[in-house]
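Student: Take this structure first; my questions come after.
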Amino acid sequence: QVQLVESGGGLGQPGGSLRLSCAASGSIFRISIMGWYRQAPGKEREFVASIDNDGSTYYAASAKGRSPISRDNAKNTVYLQMNSLKPEDTAVYFCFADYKTSPTSIIRTGWGQGTQVTVSS
């Protein structure tokens with residue numbers, strides 16, 4: 001019912017920047033929380049950052065102060081500006097969104113397909 005499509009991943013250099021985007025589309029009544037998780041090879045998926053529809057933000061320690069999250073509610077799009085890239089940022093980044101399809105529906109969580117971020121010189 002709701003699709004999330006990420007873009008903006010790729011190869012980044014240590015100390016450089018990448019900007020991830022994730023656009024939600026489909027039968028959306030309202031999106032509450034949008035955000036990002038990541039999963040490095042051989043590791044569990046971990047929280048990176050999230051943003052409520054009122055603009056409140058939450059960060060993992062690894063992202064705080066380095067990777068600001070933002071969103072455009074009119075476009076149902078969330079962004080992750082990754083600055084001061086480190087090799088340990090290498091992972092597949094997944095966006096998510098908590099949404100309702102109608103005023104009376106339950107809240108569901110949708111996930112994107114993931115975008116690879118590789119940080120290497």
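The values are calculated or read from the model by the stated rules, or taken from the named source; none is laboratory data. Everything numeric in this text was worked out from a predicted model, so none of it was measured. Here the Cβ positions follow ideal geometry from the backbone for every residue, glycine too, while neighbour counts run over all protein chains shown. Just so you know, the surface numbers come from the protein's heavy atoms only, side chains and all, with ligands and any DNA or RNA stripped out. Shrake-Rupley method; radii C 1.70, N 1.55, O 1.52, S 1.80 Å.
Student: Please give the net charge around ASP98, taking every other residue with its beta carbon less than 10 angstrom from that of ASP98, where Lys and Arg add +1 and Asp and Glu add -1.
Tutor: Overall, the nearby charge balance is +2.
Student: Could you work out how far apart the two model spin labels at LYS43 and ILE106 are, taking each label as a point 7 Å from the Cα in the direction of the beta carbon, and quote it in nm?
Tutor: 3.2 nm
Student: Counting other C-beta atoms within 10 Å, and keeping those with at most 15, which DSSP coil GluC sites (Glu not before Pro) do you find in region 35-105? Let's see the in-between values first.
Tutor: On the way: sites: GLU44, GLU46, GLU88; in loops: GLU44.
Loop-located and lightly packed - GLU44.
Student: Another question, then. Quantify, in whole percent, the carbon and sulfur part of the accessible surface of the chain (1.4 Å probe; protein heavy atoms only). Before the final figure, lay out the partial values.
Tutor: Values: 3050 of 6270 Å².
Using a 1.4 Å probe with all protein chains present, the chain comes out at 49 percent carbon and sulfur.
Student: Let me ask another. Which residues' amide hydrogens lie under 5 Å from the amide hydrogen of ALA49, considering only partners 5 or more residues apart or on another chain, with H built in the peptide plane?
Tutor: Those lying under 5 Å, H to H, from ALA49 are TRP36, ALA60.
Student: So if I take the centroid of the Cα atoms in region 1-52 and the same for region 107-121, what is the distance between those two points in Å?
Tutor: Region 1-52 and region 107-121 have Cα centres separated by 5 Å.
Student: Where in region 27-50 is the amide nitrogen less than 17 Å from a point lying 7 Å along the Cα-to-Cβ axis of GLN1?
Tutor: 27-33
Student: State in Å² the accessible area per residue of the chain; use a 1.4 Å probe, count heavy atoms of protein chains only, and round to the nearest integer.
Tutor: 52 Å²
Student: Provide the FRET efficiency to the nearest 0.05 for the SER56-GLN116 pair, computing r from the beta carbons and using R0 = 30 Å.
Tutor: The formula returns an efficiency of 0.55 here.
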